[in-house]
Amino acid sequence: MKVVGFCGSPRVKGNTEFLVGTALEQLQKQGIETELIRLADKKIDQCSGCYACVNTKECSIEDDFQELFQKMMEADGLILGSPVYHSSITPKLKALLDRAGFLCRWVANDMKSGNSSYQWKGTAFSGKVMAPITVARRAGQNFAFAQLLLWATVNDMIVVGSNYWNVGVAGTGGKVDADQDAEGIGIIRHMSDNMGFVLKQLKK
Ligand SMILES: Cc1cc2nc3c(=O)[nH]c(=O)nc-3n(C[C@H](O)[C@H](O)[C@H](O)COP(=O)(O)O)c2cc1C
């Protein structure tokens, strides 16, 4: 079993990375293999809306997306973490999710013509377990958190919650201080315990 954590912050070793790392460490304690991927290190352009993937089942833009999509495909669970930027997830994470979300649908389905209605066969991510994490200094968590939830739930994934929303409060004045957010750390660890439980149940 493997969980891949995507850190959507442009800041390496920032608050988001700390919390995604916290989640992955907790999964490791349950014997689950993990990998952290920093989008800061990756080139991911936005979806061009070319619709080529509908037919080719591949993304036409050649950058680091192909490698990341492969990582997503191989994972049993995904943790998607983002700092809150003006009440939203970061543009790079959005670009990854737009492209991966569109492609995973057309890998598993064909475009209908005219008015014929869809009977979706799921997506390439069907049944994968997903947990969102957002980090903000003060406000805007709900919208960014909802963006991640909506992405997972349209893509036939199983969302894991915690004993509170999986959010961290950190970063006043640009500080890297998520390690001071004891409540957030506890929520994230509980989320990882839930994710490990769900993954093990699904593998039975
Ligand atoms: C461009 C920008 C926009 C931000 N927008 C918000 C916001 O809407 N609400 C908020 O509470 N914090 C906001 N912040 C603060 C970050 O969410 C916060 O510092 C977070 O901890 C940064 O995480 P990181 O260290 O992983 O980058 C913003 C920061 C930046 C740089």
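Is it true that residue 77 is of a type in the set (Gly, Ala, Ser), closer than 26 Å to residue 15 by Cα, in contact with a Ser or Thr (Cβ under 7 Å, 6 or more places away or on another chain) and buried (at least 18 other Cβ atoms within 10 Å of the Cβ)?
Criteria not met by residue 77.
So which residues in region 115-155 are open to solvent by 20 Å² or more (accessible area, probe 1.4 Å) and aliphatic (A, V, I, L, M)?
124, 139, 146, 149, 150, 154
When only residues in region 1-36 that are β-branched (Val, Ile, Thr) and within 14 Å of the ligand (Cβ to nearest atom) count, which is farthest from residue 100 (Cα to Cα)?
Here the residue is 22.
Could you look through region 169-189, keep only residues that are under 16 Å from residue 9 (Cβ atoms) and more than 10 Å from the ligand (Cβ to nearest atom), and pick out the one that is nearest to the chain's Cα centre (by Cα)?
Checked region 169-189; the qualifying residue nearest to the chain's Cα centre (by Cα) is 188.
Looking at residue 150, is it more than 16 Å from the ligand (Cβ to nearest atom), under 30 Å from residue 204 (Cα atoms) and in contact with a Cys (Cβ under 7 Å, 6 or more places away or on another chain)?
So residue 150 fails the test.
Give the residues of region 127-147 that are under 22 Å from residue 94 (Cβ atoms) and more than 16 Å from the ligand (Cβ to nearest atom), sorted by residue number.
Residues satisfying the conditions are 128, 129, 130, 131.
Taking the conditions exactly as written (surrounded by 14 or more Cβ atoms within 10 Å (Cβ to Cβ), outside any helix (DSSP H, G or I) and either without any contact (Cβ under 8 Å) to a residue 40 or more places away in the chain or among the β-branched types (Val, Ile, Thr) (or both)), does residue 165 satisfy them or not?
yes
Report, ordered by the first and then the second residue, all pairs with beta carbons closer than 9 Å, sequence separation of six or more or different chains, a first member in region 7-24 that is within 15 Å of residue 177 (Cβ to Cβ) and open to solvent by less than 20 Å² (accessible area, probe 1.4 Å), and a second member that is of a type in the set (Asp, Glu) and assigned to a helix (DSSP H, G or I).
Final answer for the pair search is 9/17; 15/179; 22/179.
Considering only region 38-60, state which residues are β-branched (Val, Ile, Thr) and surrounded by 19 or more Cβ atoms within 10 Å (Cβ to Cβ).
Scanning region 38-60 gives a single hit, 44.
The values are calculated or read from the model by the stated rules, or taken from the named source; none is laboratory data. Every value quoted in this text rests on a predicted model; they were computed, and no experiment measured them. FYI the Cβ positions are ideal-geometry reconstructions off the backbone, even for glycines, and counts take in every protein chain you see. These area figures cover heavy atoms from the full protein model, side chains too; ligands, DNA and RNA do not enter into them. Shrake-Rupley method; radii C 1.70, N 1.55, O 1.52, S 1.80 Å.
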